[in-house]
Amino acid sequence: MIGERTRHALAAAKARGVKLGNPEQAKINRVKAAARAQALRPHIERCIKAGRASSSAIVTDLNARGIATPNGGQWFPMQVHRVRDRLGYDRAGGFCRGENFSAGAGVLAGCAPSTGVASSLTITATSGRIP
């Protein structure tokens, strides 16, 4: 009952043109999440190179090493999955889903489009990896 009233009230406010949410805070949050993901890149790459590419295996490694989440807790697979999306890793530990790679331009497009992180990243033309 309360949820229904809330849903209707939000829909009515939206219909009146009331801007819901805080776009500036959302931008700040995306930048902070991208920075945290970059800080975790070496740990994730180490796991992938060791053949432990699944999110569950990476979780086990992060928790065993005492690397805490941003809130200070333990890691769970979905959190690692989101970090991997921000970094552009696919589920198999490869780099970037839908490798739309143009060696001439040195750009790899299609990385993490839903996260608000840039959808194209500069890479080295010879290796196909982000420097």
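The values are calculated or read from the model by the stated rules, or taken from the named source; none is laboratory data. Keep in mind that what you see is a predicted model, and the values were worked out from it rather than measured. All Cβ positions, glycine included, derive from the backbone under ideal geometry; neighbour counts span all protein chains shown.
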Quiz prompt | Positions within the range 47-73 being assigned to a loop (DSSP other than H, G, I, E, B), touching a residue at least 12 places away in the same chain (Cβ under 8 Å) and within 18 Å of Arg36 (Cα to Cα), in sequence order | solution = Arg65, Ile67, Pro70
Quiz item: Is it the case that Arg86 is under 18 Å from the mean Cα position of the chain (by Cα), in a helix (DSSP H, G or I) and at pLDDT below 95?
Solution: yes
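Condition check ((1) exposed (fewer than 10 other Cβ atoms within 10 Å of the Cβ); (2) of a type in the set (A, V, I, L, M); (3) out of contact with any His (no Cβ under 9 Å at 6 or more places or on another chain)) across all residues:
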| position | (1), (2), (3) |
| --- | --- |
| Leu10 | no, yes, yes |
| Lys19 | yes, no, yes |
| Gln38 | no, no, yes |
| His43 | no, no, yes |
| Ile67 | no, yes, no |
